[in-house]
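Okay, structure first, notes after.
Every number here is computed from the coordinates shown, using simple stated rules; none is lab data. For clarity, every value in this text was computed on a predicted model and none was experimentally measured. So basically every Cβ, Gly included, is an ideal-geometry build from the backbone, and we count neighbours across all protein chains shown.
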Amino acid sequence: MLLKILEKLGRKKTVLDRGPSHPEFDKAKPWLERYYVLFRHRPRWFPFNILIHRMLDDDHGDGVHNHMCPYITIILKGGYWETTSKGKFWRHPGYIGFRSADHLHRVDLKPNTN
C-alpha cells in the first residue's frame with residue numbers, strides 16, 4: 001500500500017539496466033523500482049534520504065560495484081544473494097547491513113523473491 005501511495009505522489013522511478021549512452025539501449029529492461037520516502041530531490045542541506053528499492057533483476061554484468069555514499073540496507077521482503085570479497089551471502093527478510101561507500105558488492109536475486 002505504501003508503494004502505491006508513493007507512486008501516486010510521483011515518488012517512483014523505474015531504473016533501467018543500461019543508460020541511453022549504451023550502444024544497446026534499445027534492449028534496456030527494468031532493473032529496479034526506486035521509491036523516494038522523504039525527498040524525490042533531496043535538498044543539499046539535508047544530510048540523508050530514505051529510499052525503498054524493489055529489485056526486479058540481478059545486477060548486470062559480471063563485476064561488483066560500490067555506491068556514492070554510505071548506506072544502510074534493510075531487507076523488507078524476499079531477499080537476495082550478495083557477493084563480496086568475503087564470499088556469497090543470502091540476505092533474508094529482516095537483515096540489516098551497514099555499508100561504507102567503498103564496499104564492493106554484487107546483488108543477485110533468488111528466483112521469485114522480488
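Under 15 Å from the 7 Å Cα→Cβ point of V37, by amide nitrogen: which residues of the range 86-103?
Inside the label zone: 94-98.
Give the longest segment of the chain that steers clear of chymotrypsin sites (Phe, Trp or Tyr not before Pro) in DSSP loops with at most 12 neighbouring Cβ atoms within 10 Å, not counting the sites themselves. Provide the component values of the computation, followed by the final result.
Details: sites that count: W45, F48.
With chymotrypsin sites (Phe, Trp or Tyr not before Pro) excluded where exposed in loops, the chain gives 49-114 as its longest stretch.
For the chain, modelled as a GNM with alpha-carbon contacts under 10 angstrom, which of K12, K86, K29 fluctuates the most?
K86
Give the order of L6, L38 when sorted by the count of other beta carbons within 10 angstrom, beginning with the fewest.
By the 10 Å Cβ count, ascending, the order reads L38, L6.
Over all distinct alpha-carbon pairs, what is the Kirkwood Rh of the range 61-114 in angstrom? It would help to have the intermediate numbers written out before the result.
Values: mean 1/r = 0.0858 Å⁻¹.
One decimal place: 11.7 Å for the Kirkwood radius.
By the scheme Lys and Arg +1, Asp and Glu -1, what is the net charge of all other residues having a beta-carbon under 12 Å from that of K29? If you can, show how the numbers build up before the last one.
Numbers: positive: R18, K27; negative: D17, E24, D26, D57, D58.
Surrounding charge for K29 is -3.
Could you work out the local net charge near G97, counting Lys and Arg as +1, Asp and Glu as -1, over the other residues with Cβ closer than 10 Å to its Cβ?
Values: positive: R91, R99; negative: E82.
Result for the local shell: +1.
Over all distinct Cα pairs, what is the inverse of the mean 1/r for the range 1-57, reported as the Kirkwood hydrodynamic radius in Å?
On the way: mean 1/r = 0.0790 Å⁻¹.
By the Kirkwood definition, the hydrodynamic radius is 12.7 Å.
How far is it, in nm, from the label point at K27 to the one at I50 when both lie 7 Å from their Cα along the line to the Cβ?
It is 4.0 nm.
Counting pairs of alpha carbon atoms under 8 Å apart in space and at least six apart in sequence, what relative contact order in percent does the range 11-66 give?
Values: 74 pairs, mean separation 18.0, N = 56.
Relative contact order, the range 11-66: 32 percent.
With Cβ to Cβ distances under 10 Å as the rule, what net charge do the other residues near L109 carry (K, R +1; D, E -1)?
Numbers: positive: K110; negative: D57, D58, D59, D108.
Within the 10 Å Cβ shell, the charges total -3.
If the cut-off is 30 Å between C-alpha atoms, which lysines fall inside it for K27, apart from same-chain ones fewer than 8 positions away?
K4, K8, K12, K13, K77, K88, K110
In percent, how large is the relative contact order of the chain, given Cα pairs closer than 8 Å and 6 or more residues apart? The partial results should precede the final answer.
Values: 194 pairs, mean separation 23.9, N = 114.
This gives 21 percent for the chain.
How many Å³ per residue does the convex hull of the Cα positions in the chain occupy? Write down the numbers at each step before the final one.
Details: hull volume 15.8 nm³, N = 114.
Per residue, the Cα convex hull of the chain comes to 139 Å³.
Name the residue, out of D102, D57, D26, whose mean-square fluctuation peaks in a Gaussian network model built on the chain with Cα pairs under 10 Å.
Answer for the Gaussian network model of the chain: D26.
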